[in-house]
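Chemist: The structure's right below; bear with me while I get my questions together.
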Amino acid sequence: MTRQTWQGRAPSKSGLALRLLFILTIAILPLGLISVYQTAQVIEESRELSEAALLDRTQKAAGREQQLVQSAFGAADAVAAAIPVFRDDQATCDSVMARLVAADDNFSFAGFINAEGQITCSSTGIRLDVSGTQVFRDLMSDPVRRFNARPDEALPMKSAMGVTVPVIVSGTPVGFVTVAIPQDISQALLEDHGEPVDLVVFDRNGEVLSMNGDGAARQDVLPRNRELASLAREGRQAFRSTNRRGGLRDFAVVPIVGDEVFLLGSWTPDNRQAWLGMGEAMALYFPLLMWVTGMIVAYFGLNRLVIRHIRRLRHWMRLYATGEHDLSDAQLHNAPEEIEVVAEAFRNMTRRLSEHERHREEDLQEKATLLREVHHRVKNNLQLISSLMNMQIRNAKSEDVRLVLGRVQERVLALAAIHRQLYMARNVGKVRADLLLRKIIEQLMLIREHDAEGNAINASTNFDVVEIAPDQSVPLALLATEALTNAAKYCAAPPDAPPWLTVALTAREDGTIHFSVVNSRRPTDADAEEHERVGLGTRLIESFVAQLGGTSEVEDRPDRFGLHVTFELQDPSEDDAEA
């Protein structure tokens, strides 16, 4: 049985190309980060400039609206300053208000509201009580200059927006002057800007006050998914989105009057914005493209200069490992000088190793030939000694002398069988134990083929194929000779059966070898064998078992007697190491 030793596989390692790519990635990473940072800075500045330009265009579009509101405040301030003079003269007050509206087509109404919420004079001559309106309550709670996004909530006319200025006498507010701007005037100011733009005036509540173009389509020009009220809360801003028609537009929101009224401008996207988007994408993709290009160049360059030559060298090594020793013609093509030096060193090494291997094979063959010759001569000498002893046995007159010489002759023949087996074996460092035992049994059965009563002994064997070291073959052969001699000597026919003898050699799974010799006997022969078991043969068997490093066990039954020996198989290479 061959004992196998399994070794764990070495952990997998990354190749040279992957390591180089990793190192280059680390080297290029700072450059990529710097590029991304600088490009991001440029893009951010460009975006800010673009948004500022867009807001400036929208602010210019809102200029006339702002001028209209400022003129309304100016007119209201002038009237408010003169109100204390003629507020009690309603006719004069109505005349002043009427001349103010008549002098400027941008105004649709002017009037004075006293502290009790009564319109005491107006450009139209109407008298109203507005004390219950929310607009008046807000004016009284905070009497400051105020812009009204929807003055028609307090006045009986359609107006887009209006202004209110408090009238202060001796530090006390005595009323308010209000001037209203009609919706058609506000809308007309949003037209004709010389470029395609949608303008929408709305208040902080998201209510559209006026717009250019077709008022019926006002909802279509507003940004999708963005409410005007939220835009008013966010204040001045610029963004890109789609309108409710599905078109891509640039939007800008600028305040016209404080946080009360705002102008939304919807512009056709500028091509610079598209380039800005491309630049923003390039900020990410350019370093990535630079990395990919560098990795491709590095990989193919490394493969061309190094890896393909290393693979070629590896192929040579595998060929050499499989027995192809003639690599003198192996060449690399256009290899760098450093790798060519390695290749030449490998070729020189293979030549030297091949030469050493050839000398070693010759020495081994010579050694094997000499050993076989030695075993052959020893075997011949032992057979010659056996022949001389056979002659001496025939001439001996004493039966005891013939018996002793016969036992010695059997031992000599066992040694001769060992040397014959070593001479015939292909590998002189190993002995087939099963063949050796068969030869010993054949020699012994030629001498002792019958028991004491002349009955033919039925010998059977059960051998596994076992190879042992020469150091174990000698004690095993002598052990088998002594055990078989005793077994054949005391083998007897049991009741109603012929005499039998069984020899077994078994290789077990635990690596041990089990050798057993069992013979039949008659119960009456037990006393005679008891005397033999304390004789020279028994002591020799114990000595041979000790040389094998094994253990023995005796099976003593009325109808049989057996010897069982178990020993560990010695690796034949250990003999070579010791030699």
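Chemist: Pairs please, first residue from the range 551-570 and assigned to a loop (DSSP other than H, G, I, E, B), second anywhere and β-branched (Val, Ile, Thr), Cβ atoms under 6 Å, 6+ apart in sequence or on different chains.
Modeler: 569/513
Chemist: Among 380, 390, which is the only one that is surrounded by 12 or more Cβ atoms within 10 Å (Cβ to Cβ), closer than 30 Å to residue 430 by Cα and of a type outside the set (A, V, I, L, M, F, W, C)? Give the steps one after another, and end with the answer.
Modeler: On the way: 390 fails: closer than 30 Å to residue 430 by Cα.
One residue alone meets the criteria, 380.
Chemist: With the checklist (1) touching a residue at least 60 places away in the same chain (Cβ under 8 Å); (2) under 14 Å from residue 162 (Cα atoms) in hand, flag the one item residue 64 doesn't pass.
Modeler: Residue 64 satisfies every listed condition except (2).
Chemist: Please verify whether residue 25 is within 30 Å of residue 309 (Cα to Cα) and surrounded by 14 or more Cβ atoms within 10 Å (Cβ to Cβ), treating the condition exactly as stated.
Modeler: yes
Chemist: So which residues in the range 43-63 are farther than 13 Å from residue 254 by Cα, surrounded by 14 or more Cβ atoms within 10 Å (Cβ to Cβ) and not polar (S, T, N, Q)?
Modeler: Filtering the range 43-63 for residues farther than 13 Å from residue 254 by Cα gives 43-50.
Cutting the leftovers down to surrounded by 14 or more Cβ atoms within 10 Å (Cβ to Cβ) gives us 43, 46-47, 50.
Matches in the range 43-63: 43, 47.
Chemist: Collect the residues in the range 238-260 that are touching a strand residue (DSSP E or B) at 6+ places or on another chain (Cβ under 6 Å) and touching a residue at least 60 places away in the same chain (Cβ under 8 Å), keeping them in residue-number order.
Modeler: Listed by number, the residues that qualify are 238, 250, 252, 253, 254, 256, 257, 260.
Chemist: Kindly provide the set of residues from the range 332-358 that are exposed (fewer than 11 other Cβ atoms within 10 Å of the Cβ) and either part of a loop (DSSP other than H, G, I, E, B) or of a type in the set (Lys, Arg) (or both), ordered by number.
Modeler: 333, 334, 352
Chemist: Okay, moving on. For residue 173, indicate whether it is at pLDDT 90 or above, outside the structural domain of residue 202 (by TED's automatic domain parsing), more than 20 Å from residue 209 (Cβ to Cβ) and not aliphatic (A, V, I, L, M).
Modeler: Answer is no for this residue.
Chemist: Based on this model, can you work out whether residue 442 counts as in a helix (DSSP H, G or I), over 30 Å from residue 471 (Cβ atoms) and not assigned by TED's automatic domain parsing to the domain that holds residue 306?
Modeler: no
Chemist: Of all residues in the range 364-415 being of a type in the set (D, E, K, R) and more than 25 Å from residue 473 (Cα to Cα), which is farthest from the chain's Cα centre (by Cα)?
Modeler: Of everything passing the filter in the range 364-415, 397 is farthest from the chain's Cα centre (by Cα).
Chemist: Spot the failing condition for residue 402; the list is (1) at pLDDT below 85; (2) outside any helix (DSSP H, G or I), and only one is missed.
Modeler: Failed condition: (2).
Chemist: Of everything in the range 442-483 that's in contact with an Asp or Glu (Cβ under 8 Å, 6 or more places away or on another chain) and closer than 16 Å to residue 408 by Cβ, which residue is modelled with the lowest pLDDT? Lay out the reasoning, then the answer.
Modeler: Here is the first cut: in the range 442-483, the residues in contact with an Asp or Glu (Cβ under 8 Å, 6 or more places away or on another chain) are 443-444, 447, 456-457, 463-466, 469-471, 481.
Among the residues that remain, those that are also closer than 16 Å to residue 408 by Cβ are: 443-444, 447, 481.
Numbers: 443: 75, 444: 75, 447: 66, 481: 81.
Across the range 442-483, the extreme among qualifying residues is 447.
Chemist: Out of 91, 80, I need the residue that is of a type in the set (Gly, Ala, Ser), exposed (fewer than 14 other Cβ atoms within 10 Å of the Cβ) and more than 30 Å from residue 237 (Cβ to Cβ). Which one?
Modeler: 91
Chemist: Cβ-Cβ distance below 6 Å, separation of 6 or more or different chains: which pairs start in the range 386-400 with a residue that is closer than 14 Å to residue 411 by Cα and end on one that is part of a helix (DSSP H, G or I)?
Modeler: Qualifying pairs under 6 Å: 386/409; 386/412; 386/413; 389/405; 389/409.
Chemist: With respect to the numbered conditions (1) farther than 14 Å from residue 477 by Cα; (2) at pLDDT 70 or above; (3) outside the structural domain of residue 492 (by TED's automatic domain parsing), which one is the sole condition not fulfilled by residue 423?
Modeler: Of the numbered conditions (1) farther than 14 Å from residue 477 by Cα; (2) at pLDDT 70 or above; (3) outside the structural domain of residue 492 (by TED's automatic domain parsing), the odd one out for residue 423 is (2).
The values are calculated or read from the model by the stated rules, or taken from the named source; none is laboratory data. Computed from a prediction, not measured in an experiment: that's the story for all the values here. FYI the Cβ positions are ideal-geometry reconstructions off the backbone, even for glycines, and counts take in every protein chain you see.
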